[in-house]
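I have placed the structure first, in the form of structure tokens, so that the comments after it can refer back to it.
The values are calculated or read from the model by the stated rules, or taken from the named source; none is laboratory data. Values in this document were obtained by computation on a predicted structure and should not be read as measured data. Cβ: placed from backbone, ideal geometry, glycine included. Neighbour counts: every protein chain shown.
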Amino acid sequence: MEMEKVPQAGYRIEGLDIAGYNRSSLLKNLGLPFKLIKSFFQVRKIIGGFKPDAVIGVGGYSSFPVLRYAQSKGILTFIHESNSFAGKSNIMLGKKATRIFTGTPGMGKFFPADRTQVTGNPVRATIADSQVTQEEGLNFFSLTPGQKTLLIVGGSLGARSINEAVNAHLDELIAAGLQVIWQTGKPYASTATERVKNKAGVWASDFITKMEYAYAAADIIVARAGAMTVAEVCVAGKPVVFVPYPYAAEDHQTVNARQLVDQKAAIMIPDSEVKNQLLPVVTALAIDEEKQKEMSTHIRSLAVHNADEVIALEILQRISNK
């Protein structure tokens, strides 16, 4: 997705011919060593032409060859680990990284304590600094002010289990007095479009380009529990029901969600139970105003608005001191 979205935002991007380790099929990993070697040659060419003062990685297999090569050349390297459970690439790279930034505390078991800094996770300025009112948000989606609104987001590709649960219970959600903003992801978009045809109070599309309007419009949010989503909903300050993706590495989405649940800032439904539990959990929350207020208060207390500035200033300071 980033190969499409990054250029649209006005930034140059270079792709690497590399893939992650496939845990479900060992045969699919046979070509991985050759891709890794090829990626190092690609990285050498990119870094040689770009001549960076510093390199920052945010985890995942694509960042590994970039930072490993930069470290071999003595270039300052920085890592940002957004999740509550560190990925293998970041753990390995952290041993030689100049500085490791983390989204949550308690990451000392993964990284050297003297080089680790808790910064929170960066949230895009359009959301972190949003002044969009709920009425403006509802107008953006052609929905009615004064009516409880449910925002459902499953990530850029959508979430099959959440989509199927919404599809199964859409009429009941509407009958309960809820308006729905439904971000489906591309794979489910045609099914959802057909499902909502001629239904009032429902907006459905594969992607939401202006999430600040969606967060402003929402009274309740249903979402996966990726680190960036968690950071955004904390800033939005709305009651959230997390449905963690169960196949994320080390089940880190469940760990992410659990941190908020333990602080009474969120509700969590296991992915395997979402079809049966989504409707009763959401409708019960929608009529419990006190519960909504309590969750909003707790989740707002976890919001970080300036992680991007803290990280950028630290990197610039290290470059100037080199």
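Among the numbered conditions (1) aliphatic (A, V, I, L, M); (2) modelled with pLDDT of 95 or more; (3) over 20 Å from T184 (Cβ atoms), the only one that A249 does not meet is (2).
Taking the criterion of being in contact with a helix residue (DSSP H, G or I) (Cβ under 9 Å, 6 or more places away or on another chain) and in a helix (DSSP H, G or I), the residues of the stretch 287-313 that qualify are K291, Q292, M295, H298, I299, R300, A307, D308. Looking across the stretch 184-205 at every residue that is among the charged types (D, E, K, R) and out of contact with any strand residue (DSSP E or B) (no Cβ under 8 Å at 6 or more places or on another chain), the one that is nearest to L285 (Cα to Cα) is identified as K199. Look at (1) assigned to a helix (DSSP H, G or I); (2) over 21 Å from V153 (Cβ atoms); (3) without any contact (Cβ under 8 Å) to a residue 40 or more places away in the chain and you find that A284 fails only one, number (2). Looking across A159, A128, one residue alone is over 22 Å from A284 (Cβ atoms), surrounded by 16 or more Cβ atoms within 10 Å (Cβ to Cβ) and not aromatic (F, W, Y). It is A128.
In this structure, L316 qualifies as free of Cβ contacts under 8 Å to residues at least 24 places away in the same chain, of a type outside the set (D, E, K, R) and outside any loop (DSSP other than H, G, I, E, B).
Taken as a whole, the condition of being of a type in the set (F, W, Y), buried (at least 20 other Cβ atoms within 10 Å of the Cβ), touching a residue at least 24 places away in the same chain (Cβ under 8 Å) and outside the structural domain of A257 (by TED's automatic domain parsing) applies to F111. The set of residues in the stretch 255-276 that are of a type in the set (V, I, T) and at pLDDT below 95 contains only V255.
If you check I221, I174, I181, I208 for being surrounded by fewer than 23 Cβ atoms within 10 Å (Cβ to Cβ), in contact with a strand residue (DSSP E or B) (Cβ under 8 Å, 6 or more places away or on another chain), outside any loop (DSSP other than H, G, I, E, B) and touching a residue at least 12 places away in the same chain (Cβ under 8 Å), only one passes: I174. Among the residues of the stretch 27-81, the ones that are surrounded by 21 or more Cβ atoms within 10 Å (Cβ to Cβ) and acidic (D, E) come to 1 in all. Taken as a whole, the stretch 264-271 holds no residue that is part of a helix (DSSP H, G or I), farther than 17 Å from R160 by Cα and among the small types (G, A, S).
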